[in-house]
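Readers should treat all values here as calculations from the given coordinates under stated rules, not as data from a laboratory. All values derive from a computational prediction rather than experimental measurement. Positions of Cβ are backbone-derived with ideal geometry, glycine not excepted, and every protein chain shown enters the neighbour counts.
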Amino acid sequence: MARVARLGIRVRLVCGFSAVLALIVVLTVIGIEQVNRIDRNLTTINDVNGVKLRHAIDWRGSVHDRAILLRDMTLVTSEAELERLQADYRVLSDNYQAAVQGMESSLEASAPSQQERRLLAAIDTQAERTNALASDIIASRDIAATLPSRAMSCSAPPAPPSSNGSMISMPSSTIRKQPRPSTRPVLATPLPDFRC
């Protein structure tokens with residue numbers, strides 16, 4: 001304190017203003033670094049995570065809509081409606097593949113974490129199982145669509161013609177109905193009469 005007291009006012013003012021300027025410079029550098037960090041985080045959220053999120057939303061929409069189409073395929077009876085549903089299913093499947101390619105491009109542009117790689121591997125495994133089941137359902141539905149025509153072709157053959165070339169027909173009045181067997185039990189011996 002004694003040394004500071006021996007300094008002149010001019011030196012004190014210079015030292016004080018120099019310290020204030022130094023603090024301002026330090027605070028400015030720290031603020032710029034924080035702002036750059038925030039900018040990098042926002043860029044990652046918008047340009048990297050946002051793109052991944054859009055691809056994931058496309059995945060979810062495609063899977064959800066295809067599940068509804070599979071349900072409708074098992075319920076429709078019209079051949080034209082079945083073809084329309086199958087066409088929509090193929091379009092949604094192509095959209096899913098486009099989203100997969102976009103996700104792979106996004107991962108190549110960024111450095112994915114181990115957790116992201118593990119989640120994507122689980123999604124790919126489940127997608128393969130689901131696509132196999134969906135293909136089986138569509139194939140079964142295609143087979144079921146041909147059953148009515150097969151049933152018509154396998155129907156009973158017509159009655160043979162008579163000797164004069166006409167079809168043998170029997171009027172319904174000549175068909176006698178066989179008596180139905182009685183369901184009431186038949187007693188071998190009559191019951192005794194206990195009336196007084």
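If the only charges are +1 at each Lys and Arg Cβ and -1 at each Asp and Glu Cβ, what is the size of the charge dipole of the stretch 8-147 around the Cα centre, to the nearest 20 debye?
1140 debye
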At R0 = 41 Å the Cβ-Cβ FRET efficiency linking residue 136 and residue 113, nearest 0.05, sits at 0.70
Note, the stretch 107-118: 3J(HN,Hα) by Karplus (6.51, -1.76, 1.60, θ = phi - 60°), whole Hz, Gly/Pro = x, goes 5, 5, 6, 10, 9, x, 7, 5, 5, 5, 4, 5
HN-Hα couplings for the stretch 85-100 via Karplus (6.51, -1.76, 1.60; θ = phi - 60°), in whole Hz with x for Gly/Pro, come out as 5, 5, 5, 5, 5, 5, 5, 5, 5, 5, 4, 5, 5, 5, 5, 5
Along principal axes, largest first, the alpha-carbon spread of the stretch 8-147 in whole Å comes out as 110, 27, 19
